[in-house]
Amino acid sequence: MPARPDTAVAQIQFADLQALLQRVFVRHGTSEAVARALAFNCASAQRDGAHSHGVFRIPGYVSTLASGWVDGQAVPEVTDVASAFVRVDAKGGFAQPALAAARELLLEKARSAGIAVLAIHNSHHFAALWPDVEPFADEGLVALSVVNSMTCVVPHGARRPLFGTNPIAFAAPCAGSDPIVFDMATSAMAHGDVQIAARKGEQLPYGIGVDSEGQPTRDPQKILEGGALLPFGEHKGSALSMMVELLAAALTGGNFSWEFDWSQHPGAKTPWTGQLIIVIDPSKAEGNQFAVRSRQLVDQMQAVGVSRMPGERRFREREASAREGVSLTAQELEQLQALAQG
Ligand code: NDP
Ligand code: PYC
């Protein structure tokens, strides 16, 4: 039978997608707890149209688990270090279950001290970062997170790649609306989007990456095969990427983006690094008016012409998914069903 074209769209309810992904993860070697955390993250990204970190990532998770590079059964070890500092050793497993294991303690500390830090190390993060911070804003808190990834970005002014694509995610409550959330790679483009462009045979704008000779290229394949990405905004994005390496690796005890060697694990795709999350309780701030002040800021931004807030596209896609089901291609759905069984 000819393969179904990859353009046919399938709709699936969010809960069903989550359950299907959970079966895929368990079938390929994770514990139920790890599967739950990863499936929620991945299904949420697909639901919100964050396609570079939705079901597109599943083959990478599966090949990584098969390679023995990540421990899908790891049980994170949480340490209560100080009044506002929690440390988690993810034990070579994924970062999301490490966050889940420490979340209650982190919340308790943030509410009592006004601020708390969660430092995760010995962890693999292969996902969008906003699902890690947005739930804190839903509870009235402000959250900032950074994670470093794998060497593929040339620091501004350098000749060779060193940094990862190193995203920064931020979430804050806003009175009368969804929280304010942004989540952005500090590279000119996320590695996942370069892969998607290569798969589609599309050219990129200049300024995204270089080829193996360090020459500017618009060809995503050349960036992926021996080339590298550039930071966004030249020295400014480069400085932010450096900050992410410091906070996510040096401060947590995790690997810098260049410090791990996965060459003995063919199929390994998940960076083995660290993640930092800072949670602030704005009820401690002067006047306890943070969410109202957020609203005023958004209103003023809109008054001067901002027609699209960061996070707004995702919230719109989320509403559409709730009405019509989460979209993926028929081929992706068939692949997930096969992976859940075989
Ligand atoms: P984008 O450039 O697509 O978006 C970055 C942010 O800007 C989002 O919050 C987005 O909101 C917002 N935005 C986009 N366009 C506009 C606009 N025109 N006006 C106002 N706001 C806008 O994200 P990236 O490609 O940089 O990152 C994609 C994902 O990759 C992230 O989720 C990131 O966490 C993930 N990633 C993960 C890594 C890891 O190691 N785990 C490494 C690198 C990236 P909206 O969401 O509504 O579109
Ligand atoms: O898209 O750059 C990326 C990325 C790296 C690790 C996970 N996603």
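The values are calculated or read from the model by the stated rules, or taken from the named source; none is laboratory data. As the structure is a prediction and not an experimental result, all values here were calculated from the model. With ideal geometry, Cβ positions are generated from the backbone for all residues, glycine too; neighbour counts draw on all protein chains shown. Note: accessible area is taken over every heavy atom of the protein model, side chains too, but ligands, DNA and RNA are not part of it. Shrake-Rupley method; radii C 1.70, N 1.55, O 1.52, S 1.80 Å.
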(request) Select from the stretch 1-74 those chymotrypsin sites (Phe, Trp or Tyr not before Pro) which occupy a DSSP coil region and have at most 13 other Cβ atoms within 10 Å, ordered by residue number. (result) none
(request) Step through the table entries Lys200/Lys269; Lys222/Lys269; Lys109/Lys269, compare each Cα-Cα distance with 22 Å, and write down the pairs that go over it. (result) Lys109/Lys269
(message) Checking a compactness column here: for the chain, what do you get for Rg(Cα) / (2.2 N^0.38 Å), N being the number of residues?
(response) 0.99
(request) Excluding Thr64 itself, calculate the net charge of residues whose Cβ lies under 13 Å from the Cβ of Thr64, where each Lys or Arg counts +1 and each Asp or Glu counts -1. (result) +1
(request) Would you rank Val279, Val62 by solvent-accessible area, highest first, keeping every protein chain in place and using a 1.4 Å probe? (result) Val62, Val279
(request) Calculate the spin-label point distance for Gln215 paired with Arg159, positioning each point 7 Å from the Cα along the beta-carbon direction, and give it in nanometres. (result) 1.7
(request) Please find, in a Gaussian network model of the chain (springs between Cα atoms separated by less than 10 Å), the residue of Gln331, Gln275, Gln73 whose mean-square fluctuation is greatest. (result) Gln331
(request) For the stretch 264-316, with all protein chains present and a 1.4 Å probe, just round the carbon and sulfur fraction of the accessible area to a whole percent. (result) 56
(request) Within the stretch 219-313, report the trypsin sites (Lys or Arg not before Pro) that DSSP leaves as loop and that have at most 15 other Cβ atoms within 10 Å. (result) Arg308
